[in-house]
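The values are calculated or read from the model by the stated rules, or taken from the named source; none is laboratory data. Just so you know, these numbers come straight off a predicted model, no measurement behind them. Here the Cβ positions follow ideal geometry from the backbone for every residue, glycine too, while neighbour counts run over all protein chains shown. Heavy atoms of the whole protein, side chains included, go into the accessibility calculation; ligands, DNA and RNA do not. Shrake-Rupley method; radii C 1.70, N 1.55, O 1.52, S 1.80 Å.
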Amino acid sequence: MDRQQTQAVPKTADDELEQRGAAPTAAQGAAESGESGRRQAFAAALLALFARKATPTEYLDALVDAIRQWTCCQSLGIRLMTEDQDIPYETWAGFEPGFLELEGRLSVRHDKCLCIRAITQAFEESDRDLLTPGGSLRSDDAIGFVKGLAPEKLASYRGNCMRFGFASLAIIPIRCGQDIIGVIHLADRRPGLFTPAMVEFMESMTPLIGEAIHRFQTEAELADHRDRLQVLVRERTRELEAANARLRIEIAERRQAQESLQRTAEDLARSNRDLEQFAYVASHDLQEPLRAVAGYATLLRRRFSEKLDAKGLEYIEGAVEGARRMERLITDLLAFSRVGTRGGAFVETDIHGPLREALRNLEAAVEAVQAEVRIAPLPTLVVDATQIVQLFQNLIGNAIKFHGQSPPEIFVEARRQEGRWVFSVRDNGIGIEPQYFERIFQIFQRLHTRKQYPGTGIGLAICKKIVERHGGEIWVQSQPGQGSTFCFSIPQASATNQ
Ligand code: ADP
């Protein structure tokens, strides 16, 4: 499409020739000064275009306008070489569609023509008559030139300009730095329109034009990159926002879950406290009537023994024994409920101290079965010492109680393990079946009858509570008949777990 068809076409050729002083006249001086003014105006227009902000197409269209205004030529176009070395007209004015169709297919790679040689600067011998010192090709009579060519030379000239009747021709390379990036193609049916001076002046302007084309193309590429970058940034931002929204939902859900977990934990802790309190109060208050029952049963036996028969005495004995057992149960239950509610302060303690006190309390039992207790070096830790006494007493007491055929051998030691101390109380007693490893730590859970081994089934439950109050764990390793090892851990900084 002829984008510039609406542009003003030049006046008559004679007018033009006269104006730019191509034909010597009496008014030559005035015409020359007119010409220099027009050149200045052209140069100023090119500079103004250079300074303007535009797309490459806007610049090239404006450039064609400016050149046309200055040269007053009928047809012109700007050809720029593509990456594939084609040289399409980027913009043009006054060329007919048929001409553009023929010329538009030209490629530097495989065609021969003046425009191509102006770009490659590899001229034919026959081009010499057209070549300017600045590397342009110029003809006042292109039709005559082609007609005058020897037949073997004709192949180097496609002859399209001649075919479309362009007598005046000027092909000026557009330079950008060291490179030639295209040509300005001027054509006019009137002969002698493009003077050597005009072409020379155009040549002097092409570095500015080349620079401008390069700049506008680079800016367009940059703008394109920027646009793509902005699209990318927008996409990423959207993705990020979506991810953020998902994250916020997730965080809210987690917070809810955590809050509900915390509420459950608090409820559980409260209900545990209530239960402990209840057990404490109940067992404490039960002691009083129980003592009364035991007291009256004892009185009955003392005062009325001669009045009762053997059966009556047996019943009273049963009542006294039952009351005694219940008293033990209540005492143990009270001790159990006291672990949480009536615990003492956490103090830096050499663990040998509580262990020795536990052994003193167990002296009679130790002697009764000739138990041997060995103790490895123990650490100093921040603990509730009274509870540690009770802990060792229960564990060593059990090791003595549940001994096998041979006299009990008990070994107590402690090993350091990743921020905690693991204590162990090992015996050579009857051992425990693995399926009971969990159960024995529950309150009132026993594996034997009272006749086989006395006890209330609270000792290990108390041990567990004490260890947990210190922020640790308790477990057992055992094989029936192979002895048992009760282990418990206490964190290095147990004071924080009060
Ligand atoms: P109790 O000693 O009053 O029965 P515990 O809570 O101390 O209650 O112990 C629960 C049960 O665990 C005991 O009845 C016994 O079966 C088993 N047990 C505890 N310690 C040992 C041990 N050292 N060797 C073998 N069995 C043990």
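Numerical summary
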{"read-out": "Given (1) within 15 Å of the ligand (Cβ to nearest atom); (2) in a strand (DSSP E or B); (3) surrounded by fewer than 18 Cβ atoms within 10 Å (Cβ to Cβ), number of the condition R374 does not satisfy", "value": "(1)"}
{"read-out": "Any hit, the range 418-441, residues being buried (at least 16 other Cβ atoms within 10 Å of the Cβ) and without any contact (Cβ under 8 Å) to a residue 40 or more places away in the chain", "value": "yes"}
{"read-out": "Verdict on T218 being within 30 Å of T71 (Cα to Cα), of a type in the set (S, T, N, Q) and assigned to a helix (DSSP H, G or I)", "value": "yes"}
{"read-out": "Close pairs (9 angstrom Cβ cut-off, 6 or more residues apart or separate chains): among the aromatic types (F, W, Y) in the range 275-287, open to solvent by 90 Å² or more (accessible area, probe 1.4 Å) anywhere", "value": "Y280/R338; Y280/R342"}
{"read-out": "Of all residues in the range 377-399 being farther than 24 Å from Q479 by Cβ and polar (S, T, N, Q), the one that is farthest from the ligand (Cβ to nearest atom)", "value": "T380"}
{"read-out": "Filter pass, L381 being touching a Ser or Thr at 6+ places or on another chain (Cβ under 7 Å) and in contact (Cβ under 8 Å) with a residue 12 or more places away in the chain", "value": "yes"}
{"read-out": "Test: residue in the range 448-463 that is more than 12 Å from the ligand (Cβ to nearest atom) and surrounded by 20 or more Cβ atoms within 10 Å (Cβ to Cβ)", "value": "no"}
{"read-out": "Hits in the range 464-475 (condition: surrounded by 19 or more Cβ atoms within 10 Å (Cβ to Cβ) and not in a loop (DSSP other than H, G, I, E, B))", "value": "K464, K465, I466, V467, I474"}
{"read-out": "Residue in the range 400-413 that is more than 9 Å from the ligand (Cβ to nearest atom) and closer than 17 Å to P491 by Cα present", "value": "yes"}
{"read-out": "Qualifying residue in the range 476-493 (condition: in contact with a strand residue (DSSP E or B) (Cβ under 9 Å, 6 or more places away or on another chain), under 28 Å from D350 (Cα atoms), more than 8 Å from the ligand (Cβ to nearest atom) and not in a strand (DSSP E or B))", "value": "yes"}
{"read-out": "Residue, farthest from the chain's Cα centre (by Cα), within the range 303-335, restricted to residues that are open to solvent by less than 40 Å² (accessible area, probe 1.4 Å) and within 16 Å of the ligand (Cβ to nearest atom)", "value": "I330"}
{"read-out": "The range 128-137, subset out of contact with any helix residue (DSSP H, G or I) (no Cβ under 6 Å at 6 or more places or on another chain) and open to solvent by less than 20 Å² (accessible area, probe 1.4 Å), residue nearest to C73 (Cα to Cα)", "value": "L130"}
{"read-out": "Failed condition for S424, given (1) within 9 Å of the ligand (Cβ to nearest atom); (2) out of contact with any Gly (no Cβ under 7 Å at 6 or more places or on another chain)", "value": "(1)"}
{"read-out": "Test for E473: is it more than 10 Å from the ligand (Cβ to nearest atom) and modelled with pLDDT of 95 or more", "value": "yes"}
